[in-house]
Amino acid sequence: MLKQLSGELVGEQVIKKSRFIVLARFCPDRAALAELRKDAEQRWPNARHYCWAWTSAGTVPADMAMSDDGEPKGTAGMPMLKVLELGGWRQTGAVVIRYFGGIKLGTGGLARAYAGTLQQMLEQAQAQTIPWVPRTNFSLIADFSVQSSVQHMLQKLSIIINETRYSGRAIYQLSMSQEEQLALESELKGLPWQSFVLKEQ
């Protein structure tokens, strides 16, 4: 079954005095992945390594990414990516932060530590796991005169808002399934047509 996280996942374990901390959440695109990595570095500063892996909506290698962040090649990012792939996790970003405890684990030990920590935390995330549904990114630009109505629609339909910013108008970056897109378009018909613009990115 393909699946995704509905919320943020945080957990950790200690292996031979090194702390391995997992931060994972739904990341629809590389911009969201960059935010995840930034959050990890800010919330757990001065760690030795911030290794990460990410799966997109696709299944080809070009739609995935990973990093060993200074660990020996192939001992962190790839094992983590395999956990996400084999587990059916889509559009999921995961960072494993390591605070070195002074004991070297060896290449095999590192791979087991990074993959095992992520696997363990994902297995404990049943309450935060929902079926994965293909989603497309959209931009919704709305006049301030209808912003409260638009905000209510988005909340009512539980649409994922990746970013909100203001530049003369309210600009929402959204991730929607086809069903959510149709529902939102139906709701927007109740607003003056010139007060908003919805377009696929």
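The table below gives the values:
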quantity	calculated
Residue within the range 97-110 that is more than 13 Å from the chain's Cα centre (by Cα), surrounded by fewer than 16 Cβ atoms within 10 Å (Cβ to Cβ), part of a loop (DSSP other than H, G, I, E, B) and of a type in the set (A, V, I, L, M, F, W, C) present	yes
Selection within the range 1-19 - in a strand (DSSP E or B) and in contact with a Phe, Trp or Tyr (Cβ under 7 Å, 6 or more places away or on another chain)	3, 4, 5, 12, 13, 18, 19
Subset tally (residues that are closer than 19 Å to residue 67 by Cβ and either in contact with an Asp or Glu (Cβ under 8 Å, 6 or more places away or on another chain) or among the basic types (Lys, Arg) (or both)) for the range 96-109	1
Any hit, the range 149-157, residues being of a type in the set (Lys, Arg) and at pLDDT 90 or above	yes
Residue check, residue 45 modelled with pLDDT of 95 or more and assigned to a loop (DSSP other than H, G, I, E, B)	yes
From the options 187, 179, residue that is outside the structural domain of residue 87 (by TED's automatic domain parsing), among the acidic types (Asp, Glu) and under 22 Å from residue 29 (Cβ atoms)	179
Single match in 47, 57 (criterion: under 22 Å from residue 129 (Cα atoms) and in contact (Cβ under 8 Å) with a residue 24 or more places away in the chain)	57
Given (1) closer than 30 Å to residue 183 by Cβ; (2) touching an Asp or Glu at 6+ places or on another chain (Cβ under 9 Å), index of the condition residue 117 fails	(1)
Residue in the range 62-74 that is part of a loop (DSSP other than H, G, I, E, B), in contact with an Asp or Glu (Cβ under 8 Å, 6 or more places away or on another chain) and among the hydrophobic types (A, V, I, L, M, F, W, C) present	no
Conditions (1) surrounded by 14 or more Cβ atoms within 10 Å (Cβ to Cβ); (2) more than 17 Å from residue 29 (Cβ to Cβ): number failed by residue 132	(2)
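The values are calculated or read from the model by the stated rules, or taken from the named source; none is laboratory data. Quick caveat, the model's predicted, so the values are computed rather than measured. Cβ: placed from backbone, ideal geometry, glycine included. Neighbour counts: every protein chain shown.
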